[in-house]
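The values are calculated or read from the model by the stated rules, or taken from the named source; none is laboratory data. Being a predicted model, the structure only gives us computed values, none of them experimental. Every residue, glycine among them, receives a Cβ derived from its backbone with ideal geometry; neighbour counts consider all protein chains shown. The area values use the complete protein model at the heavy-atom level, side chains included, leaving out ligands, DNA and RNA. Shrake-Rupley method; radii C 1.70, N 1.55, O 1.52, S 1.80 Å.
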Amino acid sequence: QVQLVESGGGLVQAGTSLRLSCAAAERAGSMYNMGWFRQAPGKEREFVALISWNGGILDYANSVKGRFTIARDNRKNTVYLQMNSLKLEDTAVYYCAAGAVATRRPGDFQYWGQGTQVTVTS
């Protein structure tokens, strides 16, 4: 069992930056591939970014490529999502997830955090 806790969400203006963190309560969290997903009201949960357990694989949704950066610090059992040049359409609840497979599919991730709200205003 891996418990994940997201933090760093908030209310920001378009064009600014925000950094989300996802901390795993157990050291085992550093052995999983980690993904960030988001869900806007009335929409399905969508893939945002992925980093493999050792950082060797990085993947981004086209909508965030060039603006968002995923990183991890396995010494701290923490994954980060640096979000720059935020847009109104980035507004959503952001979730981190841990899985045994490096994939974009939410169903392939075994453990999920509770989510953190990101709201981008004009």
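Being crowded, with 17+ Cβ neighbours inside 10 Å and more than 10 Å from residue 78 (Cα to Cα) is the filter here; which residues of the range 29-38 pass it?
Residues satisfying the conditions are 32, 33, 35, 36, 37, 38.
Take the residues in the range 17-28 that are in contact with a strand residue (DSSP E or B) (Cβ under 8 Å, 6 or more places away or on another chain) and farther than 10 Å from residue 96 by Cβ, then tell me which one is most open to solvent (accessible area, probe 1.4 Å).
Within the range 17-28, the match that is most open to solvent (accessible area, probe 1.4 Å) is 19.
State yes or no: is residue 89 of a type in the set (Asp, Glu) and surrounded by fewer than 22 Cβ atoms within 10 Å (Cβ to Cβ)?
It is true that residue 89 is of a type in the set (Asp, Glu) and surrounded by fewer than 22 Cβ atoms within 10 Å (Cβ to Cβ).
Consider residue 16 against the criteria (1) closer than 22 Å to residue 121 by Cα; (2) within 15 Å of the chain's Cα centre (by Cα); (3) β-branched (Val, Ile, Thr): it satisfies all of them except one. Which criterion is unmet?
Looking at each condition in turn, residue 16 falls short on (2).
I'm told residue 45 meets every condition in (1) within 23 Å of residue 110 (Cα to Cα); (2) open to solvent by less than 40 Å² (accessible area, probe 1.4 Å) except one. Can you identify the failing condition by its number?
The one condition residue 45 does not meet is (2).
What single numbered condition from (1) part of a loop (DSSP other than H, G, I, E, B); (2) open to solvent by 20 Å² or more (accessible area, probe 1.4 Å); (3) closer than 14 Å to residue 19 by Cβ fails to hold for residue 80?
(1)
For the range 34-77, give me the residue count where each residue is closer than 21 Å to residue 23 by Cα and of a type in the set (Lys, Arg).
5
Within the range 92-120, how many residues are farther than 11 Å from residue 9 by Cα, in contact with a Gly (Cβ under 7 Å, 6 or more places away or on another chain), open to solvent by 20 Å² or more (accessible area, probe 1.4 Å) and not in a loop (DSSP other than H, G, I, E, B)?
Total satisfying the criteria: 1.
Being over 14 Å from the mean Cα position of the chain (by Cα) and in contact (Cβ under 8 Å) with a residue 40 or more places away in the chain is the filter; apply it to the range 54-74 and report the residue that is least open to solvent (accessible area, probe 1.4 Å).
Across the range 54-74, the extreme among qualifying residues is 74.
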